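Everything below concerns the one structure shown next.
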Amino acid sequence: MQTTRSFIGIDLGPAASAAVARLLQKLRGQTSAVRWVEEQQLHLTIKFLGELDNVLLPGVCANLRAVCQHCEPFRLSLGELGTFPRGKPPRVVWVGIDDPESRLQALYERLDEAFVEYGLPRESRGFSPHLTLGRVKSQADTLDLQTKFDQLPGLTATEFEVEEIHLLASVKQGRTTQYEPIDTVELAGVM
């Protein structure tokens, strides 16, 4: 059985990507304790699907299209900088996504329900939309990470339009991971 590690995601668009790239440049100078994401790898994951049997991929694509056919394009904006887990030593550095009309939340809920038939359980943690900017590789230098972040200019009000949703494959290439499109669905309907 051949499998593909896959997820459903959104691209940021040029303006938001450029804003996050500028922030990443500043963050790289703040600490060496974090392995920062490469700018071309930035994306917003809506739903992680995991290792899927390749035989299922055509059905997954059809299912994604069925869910998205009633969705119209919507706007999101970049939010605050933070870390996961909250209240514990950080493992992930992220920038939040503001969803003022809850359109992304509604899409997530529909997708979460739609993929149960593929053996994917509903997410129990809830949906916390964010862009992963980096993963902590050394806890020694992270005690004042949030303090450093608070001194950086924010990304609020940097908006982007979501006009399409992607089914992406996560492909290991040596020590890096590349994201390759499997399918792209344009949002043109009414949610």
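No lab work stands behind these numbers, since they all come straight from the coordinates. Keep in mind that what you see is a predicted model, and the values were worked out from it rather than measured. In this analysis, Cβ positions are derived from the backbone assuming ideal geometry, glycine residues included, and neighbour counts consider all displayed protein chains.
The helix-only estimate of mean residue ellipticity at 222 nm for the chain, built from DSSP H runs of length n ≥ 4 each weighted as -39500 (n - 2.57), is -7000 deg cm²/dmol after division by the residue total.
For the chain, the equivalent ellipsoid derived from the Cα gyration tensor has semi-axes of 29, 20, 15 Å, listed largest first. Rounded to the nearest 20 debye, the dipole magnitude of segment 3-186 is 980 debye, with +1 charges on Lys and Arg beta carbons, -1 on Asp and Glu beta carbons, and the Cα centre as origin.
Peptides 6-14, 21-29, 64-72 ranked from most to least packed by the mean count of surrounding Cβ atoms within 10 Å: 6-14, 64-72, 21-29.
Could you sort out which of Lys47/Lys172; Lys88/Lys137; Lys88/Lys172; Lys137/Lys172 sit more than 23 Å apart by Cα distance in this structure? Cα-Cα > 23 Å for Lys88/Lys172; rest within.
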